[in-house]
Amino acid sequence: MDLPFIYHSDYVVPLPNEHRFPMRKFSLLHELLLVDGVAEASQFHAPERPPTEWLELVHTPDYVQAYCTGTLDAKAQRRIGLPWSAALVNRTCVAVGGTVLTAKLALECGLACNTAGGTHHAFPSYGSGFCIFNDLAIAARVIQRLGLAKKILIVDLDVHQGDGTALIFQDDASVFTFSMHCEVNFPGTKQTSDRDVPLPEGMEDEAYLQTLAAHLPDLLDQLKPDLVLYDAGVDVHLGDRLGKLALSDRGVFCREMQVLGTCVGQGYPVACVIGGGYATDIKALVYRHSLLHRAAIQVYPRIA
């Protein structure tokens, strides 16, 4: 089977022109992967909207219902930072379905990449930081509920700490949360991951890659996970508006090769989501996100 990529046209919904969340990046990423020959149309798998029961494996029924019906109070809506619409509800749910499908296909093929996902600031009873439902946490719970994996490692390399994910699994030994993030950045109040690696502002390629190399192989040896969920946020890039780290395009690509190569090389299936990225130059941002998929194409033949 060819390397699976996951995409749905519902990943994009209209936002106000001045909104700083780059919603268009999801469809533009899909287009770039096809235009550059990174992927063929036949490699893309479309997710379905998941049942409410899947969302409630992580989130409280009251929160799920309030968000989906548009009755969430104004303060809770502001904390999310995205204007509510029925289309956004559907987009949010379909994207969760995409990460679940990515996890399933990774277990089947050894590696799979979503073209969205990484909503790690969503907590059980509220959303935060452009994150409504926590797709990484829901995918982990669904995969476990279906009996497809027991031990799961979440590798979160978004520039912001995966605070929602950390809290959700703080008392769950079956899911290990690893977050390597800029220390002086959102969220202001950090949670406690199973392993947190706070990084100083302005860290560049080599120091970043060496830090990652000091942790990831050790974690794999220690945990021997049935599945790795990888949040490949590109807001670590020098050109990101919300990042505060200083990786280059080359550094981001080397990171993707390092993560995927290390995991796949040791026989651990990896399900990838693209995480955050907030550059003003949307073309440059989409290219950075595509580095994950370009690395995956190089690594995937090692599984065959």
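Read-outs throughout are calculated quantities, based only on the coordinates presented, and are distinct from any laboratory measurement. Everything numeric here is computed off the predicted structure, so don't read it as measured data. So basically every Cβ, Gly included, is an ideal-geometry build from the backbone, and we count neighbours across all protein chains shown.
Values for this structure:
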| item | result |
| --- | --- |
| Per-peptide average of other Cβ atoms within 10 Å, ordering 217-228, 127-138 highest first | 127-138, 217-228 |
| Percentage relative contact order, the range 172-304, counting C-alpha pairs under 8 Å, at least six apart | 24 percent |
| Kyte-Doolittle mean at least 0.0, axial Cα span of 20 Å or more - DSSP H helices of the chain | 86-109, 249-265, 282-299 |
| Positive-end extreme of charge dipole, the range 5-302 - chosen from HIS121, GLY202, GLN258 (charges on Cβ) | HIS121 |
| The range 5-302: relative contact order in percent, alpha carbon pairs under 8 Å with at least 6 residues between | 20 percent |
| Size of electric dipole in the chain: Cβ of Lys, Arg +1 and of Asp, Glu -1, about Cα centre, debye, nearest 20 | 360 debye |
| Ascending count of other beta-carbon atoms within 10 Å, so fewest first, for THR99, THR211, THR71 | THR71, THR211, THR99 |
| Size of charge dipole - the range 120-179 - debye, nearest 20, with Cβ of Lys, Arg +1 and Asp, Glu -1, no other charges | 300 debye |
| Virtual spin-label span in nm between ASP281 and LYS224, 7 Å along Cα→Cβ | 4.7 nm |
| Answer label for volume of the Cα convex hull per residue in Å³ (calculated), chosen among [x] 115; [y] 155; [z] 137 | [x] |
| Partnerless cysteines, meaning none of the other Cys C-beta atoms lie under 4.7 Å away, in the chain | CYS68, CYS93, CYS109, CYS131, CYS182, CYS254, CYS263 |
| Cross-link partners of LYS244 among lysines (Cα-Cα below 24 Å; sequence separation of 8 or more within a chain) | LYS25, LYS190, LYS283 |
| Span from the the range 138-179 Cα centroid across to the the range 204-226 one, whole angstrom | 17 Å |
| Sites GLN77 and ARG24, calculated FRET efficiency, Cβ-Cβ separation with R0 22 Å, nearest 0.05 | 0.50 |
| Environment charge of ASN114, counting only residues whose C-beta is closer than 11 Å and scoring Lys/Arg +1, Asp/Glu -1 | -2 |
| Virtual spin-label span in nm between LEU146 and SER174, 7 Å along Cα→Cβ | 1.5 nm |
